[in-house]
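Read the structure below first, then the notes.
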Amino acid sequence: MKEIEQLVRKNIIALKAYSSARDEFKGETLSSNHTIFIDANENPLGSVGFAQSYNRYPDPTQRSLKDEIAKLKNTKADTIFLGNGSDEAIDLLIRIFCEPQKDTILITPPTYGMYEVAANINDVGIERVLLRESDFGISAENILAKITPHTKLIFLCSPNNPTGNLLKRDDIVRILQTFTGIVVIDEAYIDFAETPSWIATLQHYPRLVVLQTFSKAWGLAGLRLGMAFAHPMIIQLINKVKPPYNINQATQEIALTVLKQKNDYQKHLQTLIAERVKLYDNLTRMPLFEKVFPSEANFVLVRPKTDAQQLYDYLISQSIIVRNRSSQPLCQNTLRLSVGSPAENELLIEKLRQFSI
Ligand SMILES: *Cc1c(COP(=O)(O)O)cnc(C)c1O
């Protein structure tokens, strides 16, 4: 795949990946009692003071877990990378494609802060094209006008954090068809939106990377498990660069268990989406807010008529912690409210009503 290869840093093309014990012996005999594993300097006696054994290194390529995710997402296992949160995928993509002090990424503020932080850590420049103020949409034209020969990655977040809106398909298609670098679509909140994932289009766009996560809809933020979906060649590059055992054994086991609970997942989703709709309706009916931004995610961005910081402080005094997003471009005087449990949302509304009178 020349069109991908020519985008990759030379040292990464030349890189010979670390070969772990588990890479070199791939036999499916790990559970057999008859095989002696003395190839990885593990502790053969088990884990100290813990009934469950974590004494063996985990599968570096998470084959069982990827097979399940492949079924769920209707894709092939070789199009999947699993990371220690999707933040790991963001960092690895920048490291693979961007030459420090030379190449750049393009982001569309206001958006998720990690793209910028990961670029800064890697000493990679950042181009910014603000979202449209009227609807927080992107202008494909403005984005394409801003790219340079050094622009390697465009990060698009849909539904976008912190604004909550989906980016229009036509605008993204236009970028995918014109930009010769990598387009990353961050779908951390896609489960809450009524739109198909871009994963379904991977075959048409070999330079597309789709990010998803178990941190939001699946309720596993504490586990740290993120997904990247892309052309197998991009996945192979990420696998070459990633730490060998980046997804620990406990995470792989728990995720496999959770993936069997599809009914529970649907119940969570239904509750959270219904609560978002209710929260939005309640907020829009309150005179306290100048603007309540429509959301396809599990949060709602609001602009109070009063000082956002004052409302933020009041909510803290009522033991309710929200996110003040006022420092973000186009988000002056805004707070981001995550959808809580039904009881939490009721309490939030009650406290907000008390503030407005
Ligand atoms: C929460 C979030 C993520 C998830 O990050 P993890 O590292 O997987 O927890 C990714 N992108 C956006 C836009 C987010 O808001």
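The values are calculated or read from the model by the stated rules, or taken from the named source; none is laboratory data. Please read these numbers as outputs of a predicted model, since none were measured by experiment. Heads up, the Cβs are rebuilt from the backbone with ideal geometry, glycines too, and the neighbour counts pull from every protein chain shown. Note: areas computed on protein heavy atoms with side chains; ligands, DNA, RNA excluded. Shrake-Rupley method; radii C 1.70, N 1.55, O 1.52, S 1.80 Å.
For the range 290-340, build the convex hull from the C-alpha positions and give me its volume per residue in Å³.
73 Å³
Multiply the residue gap between residue 291 and residue 47 by 0.36 nm, knock off their C-alpha separation, and tell me the result in nm, one decimal place.
Value of the extension gain: 82.4 nm.
Treating the range 108-162 as a set of equal point scatterers at the Cα positions, no solvent, please give the Debye-formula log₁₀ I(q)/I(0) at q = 0.31 Å⁻¹.
-1.41
Provide, in order from the shortest bin, the percent of all Cα-Cα pairs of the range 230-282 in each 5 Å bin, continuing until the bin that contains the maximum pair distance.
4, 15, 11, 12, 14, 13, 13, 10, 6, 1
Rolling a 1.4 angstrom probe over the protein chains, ignoring ligands and nucleic acids, what is the accessible area of residue 268 in square angstrom, nearest 10?
About 100 Å², rounded to the nearest 10.
If packing is taken as the average number of other Cβ atoms within 10 Å across a peptide's residues, how do 310-319, 158-167 rank, most packed first?
158-167, 310-319
Using a cut-off of 13 Å between beta-carbons, work out the net charge of the residues near residue 278 (Lys and Arg +1, Asp and Glu -1, residue 278 not included).
-2
Sequence gap at least 6, Cα distance under 8 Å: using those rules, report the relative contact order of the chain to the nearest whole percent.
Normalised by residue count, the contact order of the chain is 17 percent.
What is the ratio of the Cα radius of gyration of the range 175-324 to 2.2 N^0.38 Å, with N the residue count, to two decimals?
Dividing the Cα Rg of the range 175-324 by 2.2 N^0.38 Å gives 1.31.
If you add up the charges near residue 124, with Lys and Arg at +1 and Asp and Glu at -1, over every other residue whose beta carbon is less than 13 angstrom from its beta carbon, what do you get?
Every neighbour counted, the sum reads -2.
Where does each of 1, 114, 233 land when they are ordered by accessible area, with a 1.4 Å probe and the largest first?
The ranking, largest first, comes out as 1, 114, 233.
Return the Cα extents of the range 1-146 along principal axes one, two and three, sorted largest first, each rounded to a whole Å.
If we take the Cα atoms of the range 1-146, the spans are 64, 35, 32 Å.
Given a 1.4 angstrom probe, I'd like the percentage of the accessible area of the chain that is carbon and sulfur, rounded to a whole number.
Taking all protein chains in place, the chain shows 51 percent carbon and sulfur surface.
Given a 1.4 Å probe, how much area per residue of the chain is accessible, in Å²?
Here the per-residue accessible area is 49 Å².
At a Förster radius of 41 Å, what calculated FRET efficiency corresponds to the Cβ-Cβ distance of residue 130 and residue 63, to the nearest 0.05?
In this case the efficiency is close to 0.45.
Three principal axis extents, largest first, for the C-alpha atoms of the range 60-168, in Å?
43, 33, 21
Run the Debye formula on the Cα coordinates of the range 129-191, all scatterers equal and no solvent, and tell me log10 I(q)/I(0) at q = 0.16, 0.25, 0.26, 0.28 1/Å.
-0.49, -1.15, -1.23, -1.37
Per DSSP H run of n ≥ 4, the term is -39500 (n - 2.57); total these for the chain, divide by its residue number, and report the mean residue ellipticity at 222 nm rounded to 500 deg cm²/dmol.
It lands at -10500 deg cm²/dmol.
Once you have the Kirkwood Rh of the chain from its Cα pairs, apply Stokes-Einstein at 20 °C and 1.002 mPa s and quote D in µm²/s.
D, rounded to a whole number, is 97 µm²/s.
Given contacts defined as C-alpha pairs under 8 Å and at least six residues apart, what's the relative contact order of the range 210-263, whole-number percent?
Relative contact order comes out at 26 percent.
Using only Cα atoms, locate the centre of the range 252-271 and the centre of the range 116-152, then give the distance between them in Å, rounded to an integer.
35 Å
Using a cut-off of under 13 Å, list every residue of the range 230-255 whose amide N is near the label point 7 Å from the Cα of residue 122 along the Cα-to-beta-carbon line.
Answer for the range 230-255: 237-239, 241-242.
What FRET efficiency, computed as 1/(1 + (r/R0)^6) with R0 = 22 Å and r the Cβ-Cβ distance, is obtained for residue 17 and residue 78, rounded to the nearest 0.05?
0.85
Quickly rank 76-88, 193-205 as a protection proxy: mean count of other C-beta atoms within 10 Å, highest first.
Packing proxy ranking, top to bottom: 76-88, 193-205.
State the extension gain, in nm to one decimal, for the chain segment bounded by residue 323 and residue 145, taking 0.36 nm per residue of separation less the distance between their alpha-carbons.
Roughly 60.8 nm would be gained on extension.
Below 8 Å, C-alpha to C-alpha, sequence gap of six or more: please give me the relative contact order for the range 60-211 in percent.
19 percent
Could you sort 89-95, 344-350 so that the peptide with the highest average Cβ count within 10 Å comes first and the rest follow in order?
Listed from highest to lowest mean packing, they are 89-95, 344-350.
Using the alpha-carbon atoms, what tilt in degrees (0 to 90, nearest 10) does helix 232-241 show relative to the longest principal axis of the chain?
Long axis of 232-241 versus the principal axis of the chain: about 80 degrees.
Which whole-percent values make up P(r) of the range 109-262 when all C-alpha to C-alpha distances are grouped in 5 Å steps starting at zero?
Taking every Cα pair in the range 109-262, the percentages come to 2, 8, 16, 21, 21, 17, 9, 5, 2, 0.
For the range 1-87, divide the Cα radius of gyration by the Kirkwood radius and give the resulting Rg/Rh value with two decimals.
Across the range 1-87, the Cα-based Rg/Rh ratio is 1.05.
Can you tell me the length gained on complete extension of the stretch residue 269 to residue 355, counting 0.36 nm per residue apart and subtracting the Cα distance?
That works out to 27.9 nm of additional length.
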